[in-house]
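Written below as structure tokens is the structure these notes are about.
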Amino acid sequence: MIEYRLQTLPDALRLLLEEAEAFIGEEEFKGQKTYLIYSSDDISDILNQLGISFESKDTEETGWQEKWKEYIQEDYLTSDIYFIFEKGKTFEDNRRTLYINPSLAFGTGAHPTTKIAARLLSKVCSGKNILDVGTGSGILAIAASMNKALHIDAFDIDPMSLDNCLENIKNNDCLNIDAWTGDIADIKNKTYDIVCANIISSVLLAVKDNVNRLSSEYVIYSGILDSEFDSVKDELCLGYQIDERITIKEWTGVRLKKC
């Protein structure tokens, strides 16, 4: 994880960072605002191309383990699942809680695209076999397990995310999730009732043929900018009908049902 300190944050860059699920924080001292970007990817080339000056440090030097608490807040992931960052935390109203260790920032539930995917998934996952594409922290797989999915397979191409994912699965006592590092093209001779992918739209388009190959009933796509939806809709929805669409802020996602 790398911390970037910027004095300016253009809207175009903010959208790019949000799409990549980087954390964006702010500090202000004597009227001077500094933007703090936390990213698991090296974004220095992007910043240089945009002519934005910056300072960067590895988060081991900046105390990320405590700093993240300043920038992300607990919230409802779905209407009845509340994500928390403090293990064992309870509430007087006995709400259902999902514990995530966000130390590696592979998905905390705070981003609109994660909430969209979780809400689309929660309504149809009971008793279903599910594939979670690009699972990251495993939060969507865990939410599906909490909502009585039969079994969930979850994978990510990034090997760094697996330890965080397995830790979160264990901490939430989800016995019906198998998680691994790999690629969707490697899954053979298998189908799922639901395939869920919360990834940027360019990657959704790249994996859609494999998603269609593996899904027997529903596909859930999230990670699409609302402004991009019309341009990708026909390609993503081919062979499916839109069952539900949810938009939060500038992000949108759809649950598709096989025709």
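The values are calculated or read from the model by the stated rules, or taken from the named source; none is laboratory data. Just so it is clear, the structure is predicted and the values come from calculations on it, not from any experiment. A quick note on method: Cβ atoms are made from the backbone with ideal geometry, for glycine too, and the neighbour counts reach across all protein chains shown. When the accessible area is computed, the model is the full protein with side chains, heavy atoms only, and any ligands, DNA or RNA have been set aside. Shrake-Rupley method; radii C 1.70, N 1.55, O 1.52, S 1.80 Å.
Scan region 124-149 for residues that are modelled with pLDDT under 95 and either within 16 Å of residue 191 (Cβ to Cβ) or surrounded by fewer than 23 Cβ atoms within 10 Å (Cβ to Cβ) (or both) and jot them down.
none
Counting just the residues of region 220-240 that are within 26 Å of residue 109 (Cβ to Cβ) and hydroxyl-bearing (Ser, Thr, Tyr), which one comes out most open to solvent (accessible area, probe 1.4 Å)?
Selected residue: 227.
State whether one or more residues within region 55-62 are open to solvent by less than 70 Å² (accessible area, probe 1.4 Å), at pLDDT below 85 and closer than 17 Å to residue 111 by Cβ.
Taking every residue of region 55-62 in turn, none turns out to be open to solvent by less than 70 Å² (accessible area, probe 1.4 Å), at pLDDT below 85 and closer than 17 Å to residue 111 by Cβ.
Select from region 133-159 the residues that are part of a strand (DSSP E or B) and among the acidic types (Asp, Glu) and list them in ascending order. Spell out the reasoning first.
Our first condition is that a residue be part of a strand (DSSP E or B); within region 133-159, this holds for 133, 151-156.
Listed by number, the residues that qualify are 153, 156.
Please go through region 98-116 and pick out each residue that is open to solvent by 10 Å² or more (accessible area, probe 1.4 Å) and of a type in the set (A, V, I, L, M).
Hits for region 98-116 are 104, 105, 110.
Which one of 194, 184, 200 is touching a residue at least 24 places away in the same chain (Cβ under 8 Å) and within 22 Å of residue 123 (Cα to Cα)? Walk me through how you get there before you give the answer.
Working: 184 fails: within 22 Å of residue 123 (Cα to Cα); 200 fails: within 22 Å of residue 123 (Cα to Cα).
Among 194, 184, 200, only 194 is touching a residue at least 24 places away in the same chain (Cβ under 8 Å) and within 22 Å of residue 123 (Cα to Cα).
Going by the structure shown, is residue 214 over 14 Å from residue 255 (Cβ atoms), open to solvent by 10 Å² or more (accessible area, probe 1.4 Å) and not polar (S, T, N, Q)? Talk me through it step by step, then tell me what you get.
Working: over 14 Å from residue 255 (Cβ atoms): yes; open to solvent by 10 Å² or more (accessible area, probe 1.4 Å): no; not polar (S, T, N, Q): yes.
No; evaluated as a whole, the condition is false for this residue.
For residue 202, which of the numbered conditions (1) open to solvent by 50 Å² or more (accessible area, probe 1.4 Å); (2) part of a strand (DSSP E or B) fails to hold?
Going through (1) open to solvent by 50 Å² or more (accessible area, probe 1.4 Å); (2) part of a strand (DSSP E or B) one by one, residue 202 breaks only (2).
Go through the residues of region 85-105 one by one and say whether even a single one is basic (Lys, Arg), assigned to a loop (DSSP other than H, G, I, E, B) and touching a Lys or Arg at 6+ places or on another chain (Cβ under 9 Å).
Pass one, region 85-105, residues basic (Lys, Arg): 87, 89, 95-96.
Restricting the remaining residues to those that are assigned to a loop (DSSP other than H, G, I, E, B) gives 87, 89, 95.
Narrowing the set further to residues that are touching a Lys or Arg at 6+ places or on another chain (Cβ under 9 Å) leaves none.
Scanning region 85-105 turns up no residue that is basic (Lys, Arg), assigned to a loop (DSSP other than H, G, I, E, B) and touching a Lys or Arg at 6+ places or on another chain (Cβ under 9 Å).
Residue 118 passes all but one of (1) assigned to a loop (DSSP other than H, G, I, E, B); (2) on the phi < 0 side of the Ramachandran plot; which number fails?
(1)
Any idea which of 119, 95 is at pLDDT 95 or above, touching a strand residue (DSSP E or B) at 6+ places or on another chain (Cβ under 8 Å), among the charged types (D, E, K, R) and open to solvent by 50 Å² or more (accessible area, probe 1.4 Å)?
On the way: 95 fails: at pLDDT 95 or above.
Selected residue: 119, the only one of 119, 95 that is at pLDDT 95 or above, touching a strand residue (DSSP E or B) at 6+ places or on another chain (Cβ under 8 Å), among the charged types (D, E, K, R) and open to solvent by 50 Å² or more (accessible area, probe 1.4 Å).
If you go through region 160-199 one residue at a time, how many are part of a loop (DSSP other than H, G, I, E, B), open to solvent by less than 70 Å² (accessible area, probe 1.4 Å) and of a type in the set (Val, Ile, Thr)?
Within region 160-199, the subset part of a loop (DSSP other than H, G, I, E, B) is 172-176, 182-183, 187-191, 199.
Those left that are additionally open to solvent by less than 70 Å² (accessible area, probe 1.4 Å): 172, 174, 176, 182-183, 187, 199.
Now drop any that are not of a type in the set (Val, Ile, Thr), which leaves 187, 199.
Here the count works out to 2.
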